[in-house]
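The values are calculated or read from the model by the stated rules, or taken from the named source; none is laboratory data. Everything numeric here is computed off the predicted structure, so don't read it as measured data. Cβ: placed from backbone, ideal geometry, glycine included. Neighbour counts: every protein chain shown. SASA here: full protein model, heavy atoms, side chains in, ligands and nucleic acids out. Shrake-Rupley method; radii C 1.70, N 1.55, O 1.52, S 1.80 Å.
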Amino acid sequence: GITDARRREPTKHEIELARKLYQALRGDGESGPVDDSELQLDAFSGIELSHRTQNGESVHLDSSEESLGTMVWLGLVGPLLDALVAGTVMLVDELEASLHPLLVEQFVMLFQSPESNPHGAQLIFNSHEAKLLGNSPSDRIIGRDQAWFTEKRDDGSSELYSLTDLNPLFALRYSATHR
């Protein structure tokens, strides 16, 4: 339901706080005025998102009023677009953290599609979202050759192995006999 996003300018209170912080961090003993060009006000500005309501009107919410999932998505969108445009590698720790499973699927599919990823950008992520592996070849988001697992050993080290190293028939027989 998000229809628009815009940058919210810092309030007078936030600008004054930035001045005080700058003076304290400057550490040169000066307490004189601080030129606004010296302030890093981006840290005090925010994002305001517009949401569509049921009657077609818009409601504007400050980023501090948004859900964690929305803020995580906003934080990932910029690097995602940069990677797809430039054809670079994007690394994401726990891709599904605070995101709806459908957003996770869409995120991964953007890298899988030649239309949205014409320059061959790569997405490397870790996840606990088993649905990405699918129940059958037709509903898999990622291929068996794209999935790798780590298993912690008794000595604290980790073993890395590919899903293609596992025999699917063994897994089916194992799950059927261990119910």
Next item on the list: Diagonalise the Cα gyration tensor of region 116-160 and give the resulting equivalent ellipsoid semi-axes, square root of 5 times each eigenvalue, largest first, whole Å.
Entry: 25, 16, 8
Next item on the list: Round to a whole angstrom and tell me the spacing of the C-alpha centers of region 123-141 and region 2-18.
Entry: 38
Next item on the list: Would you calculate the separation in nanometres between label points at GLN106 and PHE149, each defined as 7 Å from the Cα along the Cα-to-beta-carbon direction?
Entry: 3.1
Notebook entry, point to check: Want the number for SER136 to ALA24: 0.36 nm per residue separation, take away the alpha-carbon distance, what's left?
Noted result: 34.3 nm
Next item on the list: Give me the distance in nm between label points sitting 7 Å out from Cα along the Cα-to-Cβ direction at LEU160 and VAL77, one decimal.
Entry: 3.3
Check: In a solvent-free Debye calculation with one equal scatterer on each Cα, what is log10 I(q)/I(0) for region 87-166 at q = 0.14, 0.18 Å⁻¹, listed in the order of the q values?
Finding: -0.53, -0.85
Notebook entry, point to check: What whole-number value in cubic angstrom gives the convex hull volume per residue for the C-alpha atoms of region 73-115?
Noted result: 71
Checklist line | Estimated inter-spin distance, GLU115 and LYS12, nm [label 7 Å along Cα→Cβ] | finding: 5.1
Check: What percent does the relative contact order of region 69-153 come to when contacts are Cα pairs within less than 8 Å and at least six residues apart?
Finding: 29
Next item on the list: Show ARG52, ARG26 ordered by accessible area, largest first, where the area counts protein heavy atoms only and the probe is 1.4 Å.
Entry: ARG52, ARG26
